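Novice: Following this message is one structure expressed as structure tokens.
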């Protein structure tokens, strides 16, 4: 079971508990509701009462007069969640093992821009390779810009991805030239090469530019490579930034 499915069932359990006289805290409900409303793969399938009611007290005002018995309320909530749960169960096979771990990191870092870019990349990975490659680059750009903004490092819209990454890497002490050990220089140099490769892949194979008759059309494997690399690099950068911030504040 994926973490997304587990958290959806947690949301369902909270609503059932409230509908059947349970003493359930509002904070978990609010957090889960916002998480799924920002999840573009899920939000259109959410029960309407979740969309309409941002507090459990408001949900109670909806469910209490609608059904007299606890059993009726449980069955109603189960039925309303059934299609979404089935949808997620059917799509588990399409997900990569690391997807949920990366999603958890990105949504906690920035749900509004970074996590949305990741979700769009995942949605398009198997269905629209060109768009997925574009979103893979957008994801890394967004992470770099967020870190630079938080660090107070200036950047402009004219900065391309390699330049943004080099500024970010230097801030995080991840630039190859900042290290003496050959193994670290090699690994961090490899990270830099991945970023440069994502930029080149996007320019060559994505939908960001017009195409000639001889243009190569990307396949699903190209998109999977770009999205998986971008997700891993985004999570790595965020972890490094959060560790640095924690050390500076402790």
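None of the figures in this text is laboratory data; all of them are computed from the coordinates on show. It should be emphasised that the depicted structure is a prediction, and the values quoted were computed from it without experimental measurement. In this analysis, Cβ positions are derived from the backbone assuming ideal geometry, glycine residues included, and neighbour counts consider all displayed protein chains.
Novice: Using Cα atoms only, what is the angle between the long axis of helix 220-249 and the major principal axis of the chain, expressed in degrees (0 to 90) to the nearest 10?
Specialist: 90
Novice: Just to confirm the number: angle between the C-alpha axis of helix 129-151 and the first principal axis of the chain, 0 to 90 degrees, nearest 10?
Specialist: In the chain, helix 129-151 runs at an angle near 80 degrees to the longest axis.
Novice: Here are some values of volume of the Cα convex hull per residue in Å³: (1) 145; (2) 125; (3) 163. Which one was computed from this structure?
Specialist: Read-out from the structure maps to (3).
Novice: Right, here's the next one. If I build a Gaussian network model for the chain, linking alpha-carbon pairs within less than 10 angstrom, which residue out of 69, 134, 20 has the largest mean-square fluctuation?
Specialist: Among 69, 134, 20, the largest mean-square fluctuation in the Gaussian network model of the chain belongs to 69.
Novice: Given an 8 Å cut-off on Cα distances and at least 6 residues of separation, report the relative contact order of the chain as a percent. Write down the numbers at each step before the final one.
Specialist: Numbers: 241 pairs, mean separation 50.4, N = 250.
Relative contact order for the chain comes out at 20 percent.
Novice: Can you give the relative contact order of region 3-94 as a percent, counting alpha carbon pairs under 8 Å and 6+ residues apart? The partial results should precede the final answer.
Specialist: Details: 59 pairs, mean separation 34.7, N = 92.
Rounded, it is 38 percent for region 3-94.
Novice: Follow-up. With each pseudo-label sitting 7 Å past Cα toward Cβ, what's the residue 155-residue 242 distance in nm, one decimal?
Specialist: 1.9
Novice: Here's something else I'd like to know. If one takes the longest principal axis of the Cα atoms in the chain, at what angle in degrees, from 0 to 90 and to the nearest 10, does the Cα axis of helix 70-91 lie?
Specialist: Rounded to the nearest ten degrees, it is 20.
Novice: Tell me, what is the FRET efficiency for residue 55 and residue 183 to the nearest 0.05, using R0 = 30 angstrom and their Cβ-Cβ distance as r?
Specialist: Details: r = 53 Å, r/R0 = 1.75.
Here the calculated transfer efficiency is 0.05.
Novice: Ok, one more. Between residue 10 and residue 27, what is 0.36 nm times their sequence separation minus the Cα-Cα distance? Round to one decimal in nm.
Specialist: Values: separation 17, 0.36 × 17 = 6.12 nm, distance 1.29 nm.
Full extension of this stretch gives 4.8 nm more.
Novice: Calculate the length of the line joining the C-alpha centroid of region 98-157 to that of region 233-250, in whole Å.
Specialist: 16
Novice: Have a look at 175, 86, 111 and tell me which one the Gaussian network model of the chain (Cα, springs below 10 Å) gives the largest fluctuation.
Specialist: Highest fluctuation among the options: 86.
Novice: If I take R0 = 45 Å and measure r between the Cβ atoms of residue 110 and residue 66 in this structure, what FRET efficiency does the formula 1/(1 + (r/R0)^6) give, to the nearest 0.05? It would help to have the intermediate numbers written out before the result.
Specialist: Values: r = 37 Å, r/R0 = 0.83.
Step by step, r from the Cβ atoms, then E = 0.75.
Novice: Another question about this same structure. If I build a Gaussian network model for the chain, linking alpha-carbon pairs within less than 10 angstrom, which residue out of 117, 234, 151 has the largest mean-square fluctuation?
Specialist: Maximum fluctuation in the GNM of the chain, among the listed residues, is at 151.
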